[in-house]
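The values are calculated or read from the model by the stated rules, or taken from the named source; none is laboratory data. Predicted model, so just to flag it, every value in this text is computed and none were measured. Methodologically, a virtual Cβ is constructed for each residue, glycine included, from the backbone with ideal geometry; neighbour enumeration extends over all protein chains shown. Quick note on the areas: whole protein, heavy atoms, side chains included, nothing else; ligands and nucleic acids left out. Shrake-Rupley method; radii C 1.70, N 1.55, O 1.52, S 1.80 Å.
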Amino acid sequence: GVPVSSRVSTKIQQLLNTLKRPKRPPLKEFFVDDFEEIVEVPQPDPNQPKPEGRQMTPVKGEPLGVVCNWPPALEAALQRWGTTQAKCPCLTALDVTGKPVYTLTYGE
């Protein structure tokens, strides 16, 4: 609805009407009241498989050598350590008895 003068073309009038529309929809269109859903705690499926075995815990390894010119970013420091110490163990997988099964080195 804006009165159209005879001099204004239909295309210009459509553009004007488009520009007059609100740019953002009202907040109530985005707000969903799901408070009731949040309060309800879903019950676990009784047919879901249960975890087996012992819980895994990380083991603290040997400390790295102290170097004063390490880069500040962890990724950069690991990349530098990996290129200089490519054959050093990075990660070791243990079996259930605690014996090493596989060792991943920085070069891999």
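Computed quantities for the displayed model
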{"item": "Interchain or long-range residues, amide H under 5 Å from THR92's placed H", "result": "LEU104"}
{"item": "In sequence order, calculated HN-Hα J values of region 69-83 (Karplus, 6.51, -1.76, 1.60; Hz; x Gly/Pro)", "result": "9, 6, x, x, 8, 4, 4, 5, 5, 5, 5, 5, 5, x, 6"}
{"item": "Calculated FRET value between TRP70 and GLN48, using beta carbons and R₀ = 35 Å, to 0.05", "result": "0.20"}
{"item": "Most to least accessible of TRP70, TRP81 (protein chains only, probe 1.4 Å)", "result": "TRP70, TRP81"}
{"item": "Pairwise FRET efficiency - VAL41 versus CYS88, Cβ, R0 = 41 Å, nearest 0.05", "result": "0.30"}
{"item": "Projected label distance in nm at GLU62 and GLN79, using a 7 Å step from Cα toward the beta-carbon", "result": "2.6 nm"}
{"item": "Solvent exposure ordering (accessible area, 1.4 Å, most first) of GLU62, GLU75", "result": "GLU62, GLU75"}
